[in-house]
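To start, the structure under review is shown below, and the notes come after it.
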Amino acid sequence: MSVMDIIYKNKKSGFTIVELLIVIVVIGILAAITIVAFNGIQSRSKNIKSTNAVKDWVKIIKLHHAEVGSYPTVSSCLGSTTTYPDNQQCWDSTGWRVQSGFITQISPYTNGTYPEPDTTDIQNGGVGSPKRGGLWIAGSNQVYLMLNNTTSCPSIGENLTGQNPYGTGVRCAYTLP
């Protein structure tokens, strides 16, 4: 038996503690990167859902205008009466809610379904703070879109007339012609 045979025979196979620690640190770094990326994707997804819902509401409101000759005369949150938690409140403590008069005016153009924006609380302030979602202002013919974790307003095919930071997001105002 040679010296090399003795060395290899007595050496145990496996990983050293340093090698194991390096692997654990690399896995931890990858997990942290994944969590951060996932949170960003969730927020963008919720904003896209709200943006698409508001685009659909604009189409519904324009259909009403094309048939009736005027826009809906009742200001309202955009959604059904079950869209927003907190007693259908979509905006701050001013009392903005989904209004049954608005739903009645636009219901012939919805086929019984109402586009649902994401209603996650922007400021995490609970009742009385703005949500993601939309709002119709009768008389000024404006649609508001509230988004989170962004500073810019998306194009929805209408004239952007206001863009203001709000909480951890942005409030976008679009005026219909």
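Taking amide H positions as modeled 1.01 Å from N, with prolines and chain starts lacking one, the residues under 5 Å from residue 166 and 5 or more places away or on another chain are 171.
Listed peptides 136-147, 14-25 appear in the order 136-147, 14-25 once ranked by packing, highest mean of other Cβ atoms within 10 Å at the front. Taking amide hydrogens as placed 1.01 Å from N in the peptide plane, the amide H of residue 81 sits under 5 Å from that of no residue at least 5 positions away in sequence or on another chain.
Put simply, the amide H of residue 99, placed in the peptide plane, has neighbours under 5 Å in 77, leaving out anything fewer than 5 places away on its chain. For region 53-59, backbone phi angles converted through the Karplus equation (6.51, -1.76, 1.60; θ = phi - 60°) give residue-by-residue couplings of 5, 5, 4, 5, 5, 4, 4 Hz, Gly and Pro being listed as x.
Quick note: the coordinates plus some simple rules give every number you see, no bench work behind them. For clarity, every value in this text was computed on a predicted model and none was experimentally measured. Backbone-built Cβ (ideal geometry, glycine too); neighbour counts: all protein chains shown.
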